[in-house]
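Shown next, in C-alpha cells, is the structure this report addresses.
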Amino acid sequence: MQVAPSVLSADFGNLQRDVEEICNAGCDFVHIDVMDGHFVPNMTIGPVVVSAIAKVATKPLDIHLMVESNTFFVELFAPLKPEYISFHIEEEKHPHRLIQKIRSLGIKPAIVLNPHTPPESVEYLLADLDMVLLMSVNPGFGGQSFINSVIPKAARLNELRNKINPNCLIQVDGGVSDKNIQALKDVGVDVVVAGSYVFKHKDRAEAIKSLQI
Ligand code: DX5
Ligand code: ZN
C-alpha cells in the first residue's frame, strides 16, 4: 500500500518543515488538495504555495483538483510537473478530452469519484487512466469520518480495472487510518491519502508506516 499524506492537515505556518518531515519519513507521494470555493465549500492553495511545496518535496506531487474549471487549473499547475493530476468526473463535460490533455503535458491523468458516483462511470475511460481516486468522505474538508460504502465500491472498481487496465491504480481519500487500512488493502486499493491521521499523530513516521501494509 502506497501512502500520500494530504498537506491540508499540515501546519501551514511550518509548511516546509512538515513537507520535509513526511518525505523523510518515507511517504510515497505528497497529496495536494486544490479547492476553489465553488465545487466545494472551502478554499485552499494555488500555484504560489504549491510551487513552494514542490521546491522542498523529495517525493512526487499528487494534485487533487476540487474545482469547477478543470482545464484552467490543469494549465495552472502543469508547469510544477506533478506526477498526477486528478479531477472530479462530476464537474467535467469532456473527461476523455481532459485525460488526453493532462497526458500531453507529461502528467499522469487520474479521475476522482464522489461517494455517490458509481465505478462504472469510468469503465470506458479506464484504458486511458493511470489512477482512479474514490472519495471516502464528501470532498472539502479534512478530519471527516470514513464512509464505509467505499469498500464494496473499490472491490467493484478492482474487478473492472483488472479486466480493462491492470496498470491503473486505485486510490482512496478521506478518513483513512489504521482502523480501515486492512479492509482497503483486501479489496485491491493501491494508494491511500491520509491527512489528519498522519499529521495529528504523535509520530508521523510511525503513522505513515502503519498504512504501508
Ligand atoms: C478532502 C480531501 C482530503 C483530506 C483528507 O476533500 O480530498 O485529501 O485532506 O483528510 P483526512 O485524511 O483527514 O480525511
Ligand atoms: Zn484529496
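The values are calculated or read from the model by the stated rules, or taken from the named source; none is laboratory data. Treat the numbers as computed from the prediction; the structure is a model and nothing was measured. FYI the Cβ positions are ideal-geometry reconstructions off the backbone, even for glycines, and counts take in every protein chain you see. Surface areas here come from the heavy atoms of the whole protein model, side chains and all, with no ligands, DNA or RNA. Shrake-Rupley method; radii C 1.70, N 1.55, O 1.52, S 1.80 Å.
Odds and ends about this structure:
- In the range 114-207, the trypsin sites (Lys or Arg not before Pro) that fall in loop regions by DSSP, at most 16 other Cβ within 10 Å: Lys179, Lys200, Lys202
- Distance between the pseudo-spin-label points of Gln100 and Lys185 (7 Å out from Cα toward the beta carbon): 4.1 nm.
- Note on the range 143-199: dipole from Cβ charges, positive end direction compared against Val192, Asn165, Ile181; the farthest Cα belongs to Asn165.
- Look at the dipole of the chain built from charges on Cβ: of Gly106, Val19, His201, the Cα furthest out on the positive end belongs to Gly106.
- Cβ-placed point charges (K, R +1; D, E -1), dipole of the range 74-122 about Cα centre in debye, nearest 20: 260 debye
- Surface calculation, 1.4 Å probe, protein heavy atoms: Thr44 sits at approximately 50 Å² accessible.
- Only Cα pairs under 8 Å and 6+ residues apart enter the sum, and on that basis the relative contact order of the range 1-53 stands at 37 percent.
- Estimated FRET transfer efficiency (Asp203, Asn14; beta-carbon r; R0 22 Å; 0.05): 0.85
- Measuring nothing but protein heavy atoms, the accessible surface of the chain at 1.4 Å probe radius is 52 percent carbon and sulfur.
- Span from the the range 176-202 Cα centroid across to the the range 42-90 one, whole angstrom: 22 Å
- The range 1-107: trypsin sites (Lys or Arg not before Pro) in DSSP coil with no more than 15 other Cβ atoms inside 10 Å: Lys93
- For the range 48-102, accessible area per residue (1.4 Å probe, heavy atoms of protein chains only), Å²: 46 Å²
- Among Phe73, Phe141, the order of accessible area from largest down is Phe141, Phe73, computed with a 1.4 Å probe on protein heavy atoms.
- Once backbone amide H atoms are built at 1.01 Å from N, Val30 has Leu61, Asp62 as its partners under 5 Å, excluding neighbours fewer than 5 places away on the same chain.
- Residues in the range 18-33 carry Karplus couplings, in order, of 5, 5, 4, 5, 5, 5, 5, 6, x, 5, 9, 9, 10, 8, 10, 9 Hz; the curve used is 6.51 cos²θ - 1.76 cosθ + 1.60 with θ = phi - 60°, and Gly or Pro positions show x.
- Within the chain: Cβ-based charge dipole about Cα centre, in debye rounded to nearest 20 (Lys, Arg +1; Asp, Glu -1): 240 debye
- Fraction of the pair-distance distribution of the range 22-175 above 29 Å, Cα-Cα pairs, percent: 12 percent
- From helices alone, the chain scores -9500 deg cm²/dmol at 222 nm; the rule is -39500 (n - 2.57) for each run of n ≥ 4 DSSP H residues, then divide by the residue total.
- Relative contact order (%) - the chain, alpha-carbon pairs under 8 angstrom, separation at least six: 22 percent
- Point-charge dipole on Cβ atoms (K/R +1, D/E -1) for the range 21-93, about Cα centre, debye to 20: 300 debye
- Couplings for the range 61-68, taken from phi via the Karplus curve 6.51 cos²θ - 1.76 cosθ + 1.60 with θ = phi - 60°, read 8, 10, 9, 9, 7, 10, 9, 8 Hz in order; Gly and Pro are left as x.
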